[in-house]
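Asker: Provided herewith is a single structure, encoded as structure tokens, for subsequent inquiry.
The values are calculated or read from the model by the stated rules, or taken from the named source; none is laboratory data. None of these values were measured; they are calculated from a predicted model. Here the Cβ positions follow ideal geometry from the backbone for every residue, glycine too, while neighbour counts run over all protein chains shown. Only protein heavy atoms, including side chains, enter the accessible area calculation; ligands, DNA and RNA are left aside. Shrake-Rupley method; radii C 1.70, N 1.55, O 1.52, S 1.80 Å.
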Amino acid sequence: MLRLPVNKLKHGMILAQSIFNHHGASYLVKGQPITQSYINQLQKIGIPTITVTSSNPNFKLMPPEDVVAEETRADAIEHVYDAFQETEKSGHLDVDMMEDVSEKIIFDLIDRKANLVQLTDIRLHDTYTFGHCVNVAILSSMLGMLCHYTKNELQILTLGALLHDLGKIGVPEEILTKTTRLNPDEFDLIKKHPLAGSDRIHAMENDLPHATLLATIASEHHEHIDGSGYPRGLKGDKIHRFAKIVAIADVYDALTSERPYKKAYTPNIAHNIMCNVTHGQFDPDLLTLFFNNVALYPVGTVLKTDYGYGIVRESAFGKTETPTIVVFANLEGRSIEPYTLDLSTVEDGNRKIQLVIADNELRHFIHELSFDPSMYLQS
């Protein structure tokens with residue numbers, strides 16, 4: 001995988017991430033070949049960079065399959081956009097539509113239960129909330145399945161995750177998309193959205209099954225296990241188990257998404273932050289279970305390891321810190337006869353990864369090697 005400036009794209013490259021517009025509909029779905037017309041449109045709408053599967057347009061590498069189909073994700077984002085707009089106007093929610101979205105997500109996850117979470121999507125700043133809610137619902141539902149929840153529990157959890165940020169309807173757009181640090185008054189306003197969302201859901205309880213539990217998810221998804229969260233400072237078991245799950249999904253998607261004030265973190269950096277930096281924020285057992293199913297080094301990621309430079313060929317459930325790689329260059333960056341290495345079979349394998357090669361460095365590296373390591377992913 002390689003993130004390129006739009007002006008460096010070439011006809012025939014394969015898109016590795018879907019791109020969604022401000023109406024929640026998809027501009028492009030991952031796996032599509034890029035044409036010059038698409039490049040022109042991307043420049044027009046102001047998307048600076050996108051991820052492709054290879055810098056060589058002759059390598060028709062498909063992106064790895066995610067936990068849900070891209071069509072399911074695109075339809076869900078569009079429906080959530082419509083639902084939020086209707087709720088803001090009338091105070092009512094199309095419950096049937098939202099339940100259908102939840103059901104489709106669950107069915108996709110059942111059909112693709114062997115897949116890991118891979119690279120997700122690119123969202124324009126003003127559609128962030130809708131794509132974010134869908135991603136949180138997908139990740140929460142996945143974690144609920146790993147907890148062996150019943151279908152009814154999964155439906156409630158998934159719908160609650162779709163609605164977890166409903167309270168942001170009342171937050172001014174200029175605060176949601178602010179590119180600099182929020183001042184105390186602005187942050188106080190943001191911190192009101194869990195209870196605002198809970199109140200909106202309670203107001204629809206005559207039409208919304210399980211409204212009380214859905215409202216609980218909305219109100220508690222920013223609570224922390226150690227009591228340092230908001231709005232009530234709840235601790236441990238005082239936080240509902242569904243809210244604990246949504247909290248993990250919410251932060252992971254926020255960290256790995258580009259925002260007006262920050263670049264997207266790679267999955268391995270998000271893992272480090274959530275597991276090692278934010279002590280006391282998340283349920284540790286749920287967090288371990290979650291990251292066992294997230295590709296910390298997605299297929300196509302180029303790594304520097306103790307064995308040399310390698311490209312990730314495969315990442316497996318429960319071994320996401322130790323993917324299988326193809327080593328193609330020595331530690332000095334000179335090409336060698338490539339060989340496959342499963343890092344999970346190496347003693348202390350998770351310590352053998354030194355760093356992920358950043359996109360700028362990877363572009364230079366490809367130029368120096370005179371070939372793209374993605375060639376080793378071709379079947």
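Asker: What residue among His210, His221, His132 has the largest mean-square fluctuation in a Gaussian network model of the chain, using Cα springs under 10 Å?
Answerer: His210
Asker: Can you give the charge dipole size of the stretch 179-252 about its Cα centre, rounded to the nearest 20 debye, using +1 on the beta carbon of Lys and Arg and -1 on the beta carbon of Asp and Glu? The partial results should precede the final answer.
Answerer: Working: 9 positive and 11 negative charges, 38 e Å.
The dipole of the stretch 179-252 has a size of about 180 debye.
Asker: Moving to a separate point now. May I ask for the angle, rounded to the nearest 10°, between helix 128-146 and the longest principal axis of the chain, with both axes built from Cα atoms and the value confined to 0 to 90°?
Answerer: 80 degrees
Asker: In addition: If each Cα of the stretch 24-67 is one equal point scatterer, what is log10 of I(q)/I(0) from the Debye formula at q = 0.14, 0.28 Å⁻¹?
Answerer: Log-scaled intensity ratios, in q order: -0.38, -1.25.
Asker: When averaged across all projection directions, what area in nm² does the alpha-carbon convex hull of the stretch 171-251 cover?
Answerer: Working: hull surface 24.2 nm².
Here the figure is 6.1 nm², rounded to one decimal.
Asker: Counting heavy atoms of the protein chains only and a 1.4 Å probe, report the per residue accessible area for the chain as a whole number of Å².
Answerer: Using a 1.4 Å probe on heavy atoms only, each residue of the chain averages 45 Å².
Asker: Using the Cα gyration tensor of the stretch 218-285, with a ≥ b ≥ c the square roots of its eigenvalues, what is the shape: rounded (a/c below 1.5), prolate (a/b larger than b/c) or oblate (neither)?
Answerer: Working: a/c = 2.19, a/b = 1.70, b/c = 1.29.
Note, shape of the stretch 218-285 comes out prolate.
Asker: Could you give P(r) for the chain, binned at 10 Å from zero, as whole percent values over all Cα-Cα pairs?
Answerer: 5, 23, 32, 25, 12, 3, 0
Asker: Ok, one more. Taking the alpha-carbon centroid of each part, what is the distance from the stretch 203-245 to the stretch 134-161 in angstrom?
Answerer: Answer, in whole Å: 15.
Asker: I want to verify a result. In a Gaussian network model of the chain, Cα cutoff 10 Å, which of these has the top mean-square fluctuation: Asp188, Asp253, Asp108?
Answerer: In the Gaussian network model the winner is Asp188.
Asker: In whole angstrom, note down how far apart the Cα centers of the stretch 323-369 and the stretch 28-57 are.
Answerer: 26 Å
Asker: Mind running the shape call on the stretch 98-215? Use the C-alpha gyration tensor, a ≥ b ≥ c as the square roots of the eigenvalues: rounded below 1.5 for a/c, prolate if a/b tops b/c, oblate otherwise. Write down the numbers at each step before the final one.
Answerer: Numbers: a/c = 2.50, a/b = 1.39, b/c = 1.80.
Here the stretch 98-215 falls in the oblate category.
Asker: Any chance you could list the semi-axes, whole Å, largest first, of the equivalent ellipsoid that the Cα gyration tensor gives for the stretch 3-96, using √(5λ)?
Answerer: On the way: eigenvalues 188, 49, 13 Å².
In descending order the semi-axes read 31, 16, 8 Å.
Asker: In addition: Once neighbouring chains are kept in place and the probe is 1.4 Å, which whole percent of the accessible area of the chain is contributed by carbon and sulfur? Spell out each step's value before the answer.
Answerer: Working: 8330 of 16980 Å².
Ligands and nucleic acids excluded, carbon and sulfur give 49 percent.
Asker: Could you give the angle, 0 to 90 degrees to the nearest 10, between helix 36-45's Cα long axis and the longest principal axis of the Cα atoms of the chain?
Answerer: 40 degrees
Asker: Also: Quick one: P(r) of the stretch 291-341 from all Cα-Cα pairs, 10 Å bins, percents rounded to integers, in order of increasing distance.
Answerer: 30, 50, 18, 3
Asker: Something else: Work out the length of the dipole vector of the stretch 98-212 about its Cα centre, built from +1 on the beta-carbon of each Lys and Arg and -1 on the beta-carbon of each Asp and Glu, and round it to the nearest 20 debye. Let's see the in-between values first.
Answerer: Values: 11 positive and 17 negative charges, 77 e Å.
So the dipole magnitude of the stretch 98-212 works out to roughly 380 debye.
Asker: What stretch of the chain, leaving out the sites themselves, is the longest with no chymotrypsin sites (Phe, Trp or Tyr not before Pro) in a DSSP loop having at most 14 other Cβ atoms within 10 Å? All intermediate terms of the calculation are to be shown ahead of the outcome.
Answerer: On the way: sites that count: Tyr261, Phe317, Phe371.
The segment 1-260 is the longest one with no such site.
Asker: How compact is the stretch 233-379 by the rule of thumb for globular proteins, expressed as Cα Rg over 2.2 N^0.38 Å? Could the numbers behind the result be given before it?
Answerer: Numbers: Rg = 17.4 Å, N = 147, 2.2 N^0.38 = 14.7 Å.
Normalised by 2.2 N^0.38 Å, the Cα Rg of the stretch 233-379 equals 1.19.
Asker: Going out from 0 in 5 Å bins, what whole percent of all Cα-Cα distances in the stretch 48-156 drops into each bin?
Answerer: Result returned by the calculation: 2, 11, 19, 20, 18, 13, 9, 4, 2, 1, 0.
Asker: For the stretch 191-231, which GluC sites (Glu not before Pro) are in a loop by DSSP, counting at most 11 other Cβ atoms within 10 Å?
Answerer: Working: sites: Glu205, Glu220, Glu223; in loops: Glu205, Glu223.
Answer by residue number: there is no such site.
Asker: Under 1.5 on a/c is rounded, so check that first for the stretch 152-287, then, if it is not, pick prolate when a/b is larger than b/c and oblate when it is not; a ≥ b ≥ c are the square roots of the alpha carbon gyration tensor eigenvalues. Mind dumping the intermediate values first?
Answerer: Working: a/c = 1.64, a/b = 1.17, b/c = 1.40.
In terms of gyration-tensor shape, oblate.
Asker: As I understand it, the value is the acute angle between the Cα axis of helix 193-203 and the longest principal axis of the Cα atoms of the chain; what does it come to in degrees, rounded to 10?
Answerer: Compared with the principal axis, the helix lies near 50 degrees.
Asker: Given the DSSP H assignment, sum -39500 (n - 2.57) over each helix run of at least 4 residues in the chain and divide by its residue total; what's the result at 222 nm in deg cm²/dmol, nearest 500? Display every interim value, and only then the final one.
Answerer: Numbers: 13 runs with 151 residues, N = 379.
Using -39500 (n - 2.57) per qualifying helix, the result is -12500 deg cm²/dmol.
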